[in-house]
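The values are calculated or read from the model by the stated rules, or taken from the named source; none is laboratory data. Computed from a predicted model, the values in this text were never measured in an experiment. Positions of Cβ are generated from backbone atoms using ideal geometry, with glycine treated the same way; all protein chains shown enter the neighbour counts.
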Amino acid sequence: MIRAFLDFLFPMRCLSCMEINYSHYLFCDICTSTIELIDRRGRCWKCFHEKRFGRCQWCIMKKANLFISTMSLFEHGAPICRLCSNSEMHAKIIASFFVVQFIKSRWPFPKGIYAHPSLKQAGYYLARFLNISQSSKTYQPGANILCIANYHYEIDIPVELISSRLYLLTFSTDV
């Protein structure tokens, strides 16, 4: 009885489109049908831009790239990307998507995680889900470090990470 009254006063809303959600899941049926992690096939393994196979021409010509490999979760502009507008509130959900895409990537297991300040809370949950440290003490030369950011262009790598093996996982592809 109380639950029905509370549902009437404060109906559950979809986390993506903010419409009233009668399904009692985090996302409405329409938004759920649009959630699809990007498949690695057809993408450059270095920068994750669309390419038939191997590396794209841009990565072949560019000699130095800090990241061994890059992946994104969703296409830029996908409805699910609205979660990042309030990343602290949705940190566990964002971290869950990062875990799924990390597992699909088949990258080596990281020794530590570096999260862009806008995803600091999500980085905390990602480290907990993967049971690894987020401490800067684990950033040893040659160690595998998983870096997370909203977009590829916003990540600034701290100096102490440059000698590590860096893998970048972004929430959305660049514009």
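Things worth noting here:
- Tyr125 being surrounded by 13 or more Cβ atoms within 10 Å (Cβ to Cβ), of a type in the set (Ser, Thr, Tyr) and assigned to a helix (DSSP H, G or I): yes
- All conditions but one from (1) in contact with a Leu (Cβ under 9 Å, 6 or more places away or on another chain); (2) free of Cβ contacts under 8 Å to residues at least 12 places away in the same chain apply to Ile148; the one that does not is (2).
- Figure legend. Inter-residue proximity from segment 157-170: first residues assigned by TED's automatic domain parsing to the domain that holds Phe98, second residues in a loop (DSSP other than H, G, I, E, B) and among the small types (Gly, Ala, Ser), beta-carbon distance below 8 Å, spacing 6+ or different chains. Indicated pairs: Ser163/Gly142; Ser164/Gly142; Ser164/Ala143; Arg165/Gly142; Arg165/Ala143.
- Here Trp58 clears all of (1) modelled with pLDDT under 75; (2) over 21 Å from Leu169 (Cβ atoms) except the condition numbered (2).
- The one condition from (1) closer than 22 Å to Leu26 by Cα; (2) surrounded by fewer than 20 Cβ atoms within 10 Å (Cβ to Cβ) that Phe102 does not meet is (2).
- Here is the figure for segment 1-41: residues that are under 22 Å from Ala91 (Cβ atoms) and either surrounded by 10 or more Cβ atoms within 10 Å (Cβ to Cβ) or modelled with pLDDT of 75 or more (or both) total 19.
- Only a single item in (1) surrounded by fewer than 19 Cβ atoms within 10 Å (Cβ to Cβ); (2) at pLDDT 85 or above; (3) in contact with a helix residue (DSSP H, G or I) (Cβ under 9 Å, 6 or more places away or on another chain) is not met by Ser136, and it is number (2).
- Selected residue [in a helix (DSSP H, G or I) and modelled with pLDDT under 85] from Ser85, Ser69: Ser85
- Any hit, segment 157-164, residues being under 15 Å from Thr70 (Cα atoms) and surrounded by fewer than 17 Cβ atoms within 10 Å (Cβ to Cβ): yes
- Filter result for Cys44 (modelled with pLDDT under 75 and closer than 19 Å to His76 by Cβ): no
- Scan of segment 23-44 for residues that are in a loop (DSSP other than H, G, I, E, B) and either under 16 Å from Ser172 (Cα atoms) or among the small types (Gly, Ala, Ser) (or both), ordered by number: Ser23, Ile35, Glu36, Leu37, Ile38, Asp39, Arg40, Gly42, Cys44
- Failed criterion for Tyr153 (all others in (1) in a helix (DSSP H, G or I); (2) closer than 19 Å to Leu37 by Cα hold): (2)
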